[in-house]
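Student: Submitted below is the structure of interest, expressed as structure tokens.
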Amino acid sequence: MSLKMLLTWLVFPVCLLGISGPALFAQSNELTAGVAAVDITPPVGYRMSGYFNERLSTGVHDPLHAKAVVFQQGNVQAALVFCDITGVPLGVSQRARQLAQEKTGIPAANIIIAGTHSHTGPLYAGALRNYLHDNTVAQEGSDTHESIDYPAFLADKIVQAIAQAKTAAAPVDLAAGIAQQSNLSFNRRFHMKDGSVRFNPGVLNPDIDHAAGPIDPDLAVLLLRDARGNHPQASLVNFALHLDTTGGTLYSADYPYYLEQTLRQSLGENFVSLFAIGACGDINHIDVSTKERRKASEIGEILAQTVRDEIPRLAPIAHPDLAVSHEIVNAPLQKYSPQQIDQARQDMTKLATKKMKFLEIVNAYKILDLQLRPGDTIPLEVQVLRLGDEVVLVGLPGEIFVDLDLAIKKASPFKITMVMELCNDNPGYIPTKKAFAEGSYETVNSRITSGGGEMLVESAVRQLQAIKKMSLPDQEN
């Protein structure tokens with residue numbers, strides 16, 4: 001065995017759900033991939049997620065999907081799944097990953113399940129869902145709005161998507177690149193003239209001084225082409241912009257739906273567009289300097305045009321080099337006294353009365369949601385998936401502040417680093433230390449303490465540096 005091969009098999013500690021193991025690296029140059037989309041739309045009448053009130057669905061604008069891509073190279077398999085919902089709680093992702101491992105042989109540690117953060121999907125977990133469900137059962141004897149066990153339904157559909165994608169796997173050529181899209185996203189936190197920091201302070205507000213943070217204009221594109229016919233099959237687009245551009249009571253995937261529909265006009269009706277939301281915990285589509293606001297359809301069409309313009313410039317991944325690593329970060333949780341918890345329960349009863357300020361309701365919801373996570377810390381998984389010497393994906397849980405994303409990209413040794421949020425868990429907002437000191441909505445609605453976000457950055461950078469040093473072993477005849 002050559003020295004290079006020997007060094008390749010060195011490993012570094014990682015952990016998934018308390019089980020330690022090595023990072024996995026491929027032993028063959030041929031890369032295969034398969035893509036699948038499975039309908040995960042709930043029944044009409046199910047509660048909808050995204051806001052702090054009861055909102056019942058009245059129909060379907062466009063079906064919600066779980067879209068999966070499975071990669072295999074030698075002895076390494078990995079799967080990515082993107083679901084048109086606000087987020088995937090840990091209980092659902094754990095179940096789906098374990099079942100997918102049993103069904104497909106893909107290690108659970110090599111599976112990333114993410115929500116796109118659509119605000120027009122189902123409300124099926126968390127303190128608000130529990131309060132509305134329990135209140136309905138107490139008053140009516142049952143909850144007719146939950147006609148199915150959606151968490152179990154979703155886990156099964158995710159497994160189905162992964163299995164179908166693996167079955168569809170065939171040799172592919174990959175190409176990747178980053179375009180700049182600076183006209184769609186805006187930091188939604190602002191320093192006000194009175195010295196405070198506010199989120200969404202309103203358009204044309206004369207009390208705004210300046211934005212409290214940046215945006216990330218990177219529009220990263222990964223294109224999958226049939227290695228034999230060389231025609232595009234699918235793309236993975238990564239962009240940091242909150243999916244709250246639709247509203248209403250119709251199920252919808254929000255602007256990624258229009259992104260896919262527009263791409264299909266030129267790339268074929270069977271083309272699959274997977275969307276990985278970037279770090280946009282403090283980013284949305286509202287330009288406070290004007291009353292005009294772009295709709296979901298326009299945002300999706302603009303993104304699609306940028307993707308199409310970038311395709312000719314994408315750099316081929318000539319030597320795919322599949323590798324996966326992961327690590328658990330135990331971030332400290334906020335803690336509250338029994339008296340504060342009791343007060344939060346009382347405050348939740350005022351949810352529909354409009355007798356409480358918005359941030360007071362948010363704080364009560366957050367305190368009760370924390371009671372669903374026992375312990376002093378929360379296990380937050382950081383995953384890294386390498387596709388080649390210059391292309392890597394980073395999966396983070398929660399709604400990540402953009403400065404954390406930019407810190408990872410700045411320190412990354414890879415030319416193209418796609419940072420994806422809301423992976424495998426939905427623990428609320430992950431602000432920076434700076435934002436915690438400033439306050440406002442996102443910090444009130446965070447479960448972790450100040451510094452937890454920086455812990456995720458440290459883990460991601462540590463793994464990126466380690467996985468960059470690994471390479472495929474020499475291919476011996």
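Student: Restricting to the range 170-204, name every residue that is within 16 Å of residue 217 (Cβ to Cβ) and either among the acidic types (Asp, Glu) or touching a Pro at 6+ places or on another chain (Cβ under 7 Å) (or both).
Tutor: The first filter runs over the range 170-204 and keeps only residues within 16 Å of residue 217 (Cβ to Cβ), leaving 177-188.
Correct list: 180, 181, 182, 187.
Student: For the range 331-343, which positions are assigned to a loop (DSSP other than H, G, I, E, B), exposed (fewer than 14 other Cβ atoms within 10 Å of the Cβ) and not polar (S, T, N, Q)?
Tutor: The answer is 335, and nothing else.
Student: Additional query: Within the range 224-239, does at least one residue satisfy the condition of being in contact with a Pro (Cβ under 8 Å, 6 or more places away or on another chain), of a type outside the set (Lys, Arg), more than 22 Å from residue 392 (Cβ to Cβ) and at pLDDT 95 or above?
Tutor: No, the conditions are met nowhere in the range 224-239.
Student: Sticking with this one: Take the range 280-292 and flag every residue that is touching a residue at least 40 places away in the same chain (Cβ under 8 Å) and more than 30 Å from residue 363 (Cα to Cα). Before the answer, list the steps.
Tutor: Narrowing the range 280-292 to residues touching a residue at least 40 places away in the same chain (Cβ under 8 Å): 280-291.
Listed by number, the list holds a single entry, 290.
Student: When the residues of the range 109-123 are filtered to those that are of a type in the set (A, V, I, L, M, F, W, C) and more than 20 Å from residue 59 (Cα to Cα), which remaining residue is surrounded by the fewest Cβ atoms within 10 Å (Cβ to Cβ)?
Tutor: So in the range 109-123, the residues of a type in the set (A, V, I, L, M, F, W, C) come out as 109, 111-114, 123.
So of that shortlist, the ones also more than 20 Å from residue 59 (Cα to Cα) come out as 109, 111-114.
On the way: 109: 22, 111: 29, 112: 25, 113: 28, 114: 27.
Out of the qualifying residues, it is 109.
Student: Identify the single condition in (1) in contact with a helix residue (DSSP H, G or I) (Cβ under 8 Å, 6 or more places away or on another chain); (2) touching a residue at least 40 places away in the same chain (Cβ under 8 Å); (3) farther than 15 Å from residue 86 by Cα that residue 271 does not satisfy, given that it satisfies every other one.
Tutor: For residue 271, the exception is condition (2).
Student: Looking at the range 293-316, I want the residues that are at positive phi and have a partner that is modelled with pLDDT under 95 with Cβ atoms under 6 Å, at least 6 apart or on another chain. Which pairs are those?
Tutor: none
Student: Hey, among 243, 263, which residue is in a helix (DSSP H, G or I) and either modelled with pLDDT of 95 or more or not aromatic (Phe, Trp, Tyr) (or both)? Explain how you work it out, then say what you get.
Tutor: Values: 243 fails: in a helix (DSSP H, G or I).
Answer to the selection: 263.
Student: Same structure again: When you go through 120, 116, 136 one by one, which is the residue that is at negative phi and more than 17 Å from the chain's Cα centre (by Cα)?
Tutor: Numbers: 120 fails: more than 17 Å from the chain's Cα centre (by Cα); 116 fails: more than 17 Å from the chain's Cα centre (by Cα).
On inspection, the qualifying residue turns out to be 136.
Student: Can you tell me which of (1) under 16 Å from residue 452 (Cβ atoms); (2) in contact (Cβ under 8 Å) with a residue 24 or more places away in the chain is the one residue 433 doesn't meet?
Tutor: That leaves (2) as the condition not met.
Student: Go through (1) in a strand (DSSP E or B); (2) modelled with pLDDT under 95 and name the single condition residue 32 misses.
Tutor: (2)
Student: Pick from 135, 75: which is without any contact (Cβ under 8 Å) to a residue 60 or more places away in the chain and touching a strand residue (DSSP E or B) at 6+ places or on another chain (Cβ under 8 Å)?
Tutor: Working: 135 fails: touching a strand residue (DSSP E or B) at 6+ places or on another chain (Cβ under 8 Å).
75 is the lone residue from the list that is without any contact (Cβ under 8 Å) to a residue 60 or more places away in the chain and touching a strand residue (DSSP E or B) at 6+ places or on another chain (Cβ under 8 Å).
Student: Further question: So which of 252, 325 ends up being modelled with pLDDT of 95 or more and more than 21 Å from residue 80 (Cβ to Cβ)?
Tutor: Details: 325 fails: more than 21 Å from residue 80 (Cβ to Cβ).
After ruling out the rest, the residue left standing is 252.
Student: Can I ask one more? I need the full set of residues from the range 245-299 which are closer than 23 Å to residue 187 by Cα and of a type in the set (D, E, K, R), in order please.
Tutor: Result: 254, 282, 287, 291, 292, 293, 294, 295, 298.
Student: Hey, another quick one. If I ask for residues that are part of a loop (DSSP other than H, G, I, E, B) and closer than 19 Å to residue 88 by Cα, which ones from the range 37-54 would you list?
Tutor: Taking the range 37-54 first, the residues part of a loop (DSSP other than H, G, I, E, B) are 40-46, 49-54.
Result: 40, 41, 42, 43, 46, 49, 50, 51, 52.
Student: Can you tell me which residue in the range 408-422 is nearest to residue 458 (Cα to Cα), limited to those that are aliphatic (A, V, I, L, M) and crowded, with 21+ Cβ neighbours inside 10 Å?
Tutor: Going through the range 408-422, the residues aliphatic (A, V, I, L, M) turn out to be 408, 411, 416, 418-420, 422.
Restricting the remaining residues to those that are crowded, with 21+ Cβ neighbours inside 10 Å gives 408, 416, 418-420, 422.
Working: 408: 8, 416: 18, 418: 16, 419: 14, 420: 16, 422: 18 Å.
So, considering only residues that are aliphatic (A, V, I, L, M) and crowded, with 21+ Cβ neighbours inside 10 Å, the one nearest to residue 458 (Cα to Cα) is 408.
Student: Quick one: in the range 425-445, which of the residues that are surrounded by fewer than 21 Cβ atoms within 10 Å (Cβ to Cβ) and of a type in the set (Phe, Trp, Tyr) is farthest from residue 366 (Cα to Cα)?
Tutor: Checked the range 425-445; the qualifying residue farthest from residue 366 (Cα to Cα) is 436.
Student: Taking only the range 246-260 into account, find how many residues are buried (at least 24 other Cβ atoms within 10 Å of the Cβ), among the hydroxyl-bearing types (Ser, Thr, Tyr) and part of a loop (DSSP other than H, G, I, E, B).
Tutor: Number satisfying all stated conditions: 1.
Student: Is it the case that some residue within the range 159-171 is under 26 Å from residue 299 (Cβ atoms), crowded, with 16+ Cβ neighbours inside 10 Å and either of a type in the set (A, V, I, L, M) or in contact (Cβ under 8 Å) with a residue 40 or more places away in the chain (or both)? Before you say what the answer is, go through the steps one by one.
Tutor: Let us first name the residues in the range 159-171 that are under 26 Å from residue 299 (Cβ atoms), namely 161.
Among the residues that remain, those that are also crowded, with 16+ Cβ neighbours inside 10 Å are: 161.
Cutting the leftovers down to either of a type in the set (A, V, I, L, M) or in contact (Cβ under 8 Å) with a residue 40 or more places away in the chain (or both) gives us 161.
Yes, there is a match, as at least one residue in the range 159-171 is under 26 Å from residue 299 (Cβ atoms), crowded, with 16+ Cβ neighbours inside 10 Å and either of a type in the set (A, V, I, L, M) or in contact (Cβ under 8 Å) with a residue 40 or more places away in the chain (or both).
Student: Also: Hey, among 179, 220, which residue is buried (at least 22 other Cβ atoms within 10 Å of the Cβ), touching a Leu at 6+ places or on another chain (Cβ under 9 Å) and outside any loop (DSSP other than H, G, I, E, B)?
Tutor: Working: 179 fails: buried (at least 22 other Cβ atoms within 10 Å of the Cβ).
Answer to the selection: 220.
The values are calculated or read from the model by the stated rules, or taken from the named source; none is laboratory data. On a predicted model such as this, the values are computed, not experimentally measured, just so you know. FYI the Cβ positions are ideal-geometry reconstructions off the backbone, even for glycines, and counts take in every protein chain you see.
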